[in-house]
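Working notes for the structure below.
The values are calculated or read from the model by the stated rules, or taken from the named source; none is laboratory data. On a predicted model such as this, the values are computed, not experimentally measured, just so you know. FYI the Cβ positions are ideal-geometry reconstructions off the backbone, even for glycines, and counts take in every protein chain you see.
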Amino acid sequence: MARSPKTARQPAPRRRSRRAESTPHAGVRLTQSERSRWLTGIRFQGFSVLMAAVIVVGVIVIAPNLKAFVEQRQQIAALHDAIADDQAEIDTLQAERERWNDSTYVMTQARDRLYYVNPGEISFIVINDLDPAVLGDAEKPVSDTLETTAADWGESLLASIVSAGLTPTVPAPPAGGSR
């Protein structure tokens, strides 16, 4: 059953909606009556208004709580970091305490810090026992020119002798005092 071209239904011409008729073209200014007619053409359904109000109220209610939640999480993270630092310090101090319970460590510390020796031992203290490579070139090279100083050594020596001779004598310690 083929339809004849005369009986075939042709699509109806599209109608322009009222909104399309009232929509201005770019750059065209609307008069007050056209503007009010355009604004009255916008219609909100009750559900849309209700959902927009729920969203606004939700944002108003949740925003302060969300801010407090984020701040509390930051504080908790900072406190966890502080706890980890304190635990590391506690572990270090416990290890130090355990070392002090060892008699060999105590003896070594007494020798190094207080210069104690065991009976019958002789202690030698070596001054400037650093490797010369560590010191580097700390000394100035010897120069060929003579340098003069601001103070005269002869006058300084004479002033020292005179001041030592003119100072009052110190009284003798009382007899029977402890020595």
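Key figures
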{"quantity": "Contacts under 9 angstrom Cβ, first residue in the range 120-144 being farther than 27 Å from THR108 by Cβ, partner modelled with pLDDT of 75 or more and among the polar types (S, T, N, Q), 6 or more apart", "calculated": "none"}
{"quantity": "Filtered residue count, the range 97-115, keeping only those that are in a helix (DSSP H, G or I) and loosely packed, with under 10 Cβ neighbours inside 10 Å", "calculated": "6"}
{"quantity": "Tally of residues being of a type in the set (Val, Ile, Thr) and either modelled with pLDDT under 80 or touching an Asp or Glu at 6+ places or on another chain (Cβ under 7 Å) (or both) across the range 119-141", "calculated": "1"}
